[in-house]
Amino acid sequence: MLKLFSDSSNLPILIHCTAGKDRTGFSCAVVQLILGVSQELVIQDYLQSNNHLQRIKAETAHRIKLPVMLGFPADKFLPLIEARREYIEAAIAQIHNNYQGIENYVWQGLGLTDEDVLKLKEALLEKP
């Protein structure tokens, strides 16, 4: 996916998943971290997913009526349909624990080269 981003002929590019908070949220966070966005701004951007999850929450509320009637607490479903700070913080912490930072994650975990990262930055960052 990141190699697709690094080729400006592919831009703009759309990535998505069912809710946009898990696979898409993590992927966007990684791209932002590679580009040098601060971790706090990455987290704030991830949390913006909650602004668009109302439809999914409503659909889920409709689907869980039976489990709730059978005594399963409705609030136990919320973690499945919310983007929470601790989720993205845990993902970023895991990158740091396993790879000692985003740079090593990019090289060792994702298999990108310095040239790939440079192309990604050239494609996605504005020149001053």
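Values quoted throughout were computed directly from the atomic coordinates according to the rules given, and no laboratory measurement underlies them. Computed from a predicted model, the values in this text were never measured in an experiment. Reconstructed Cβ throughout: ideal geometry from the backbone, glycine too, with neighbour counts over all protein chains shown.
Tell me the mean residue ellipticity at 222 nm calculated for the chain from its helices only (DSSP H runs of n ≥ 4, each -39500 (n - 2.57), averaged over every residue, nearest 500).
Working: 8 runs with 70 residues, N = 128.
Computed mean residue ellipticity for the chain: -15500 deg cm²/dmol.
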Treat each spin label as a single point 7 Å out from the Cα along the C-beta direction, and report the Leu11 to Arg85 distance in nm.
-> 3.1
Report, to the nearest 10°, how far helix 23-34 tilts away from the longest principal axis of the Cα atoms in the chain, using its own Cα long axis and a range of 0 to 90°.
-> 30
Report the convex hull volume per residue for the chain, counting only C-alpha atoms, in Å³.
-> 127
Rounded to the angstrom and largest first, Cα extents along the principal axes for region 77-128 equal 42, 27, 17
Here the relative contact order (percent) of the chain, from C-alpha pairs under 8 Å and at least 6 apart, is 39
Proximal lysine pairs, the chain, alpha carbons under 23 Å, eight or more residues apart or interchain = 10
Signed unit charges on C-beta, dipole axis of the chain, positive-most listed residue Ser49, Phe5, Gly36 = Ser49
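Report the gain in length on full extension from His52 to Lys3: 0.36 nm times residue separation, minus Cα-Cα distance, nm rounded to one decimal.
Roughly 14.9 nm would be gained on extension.
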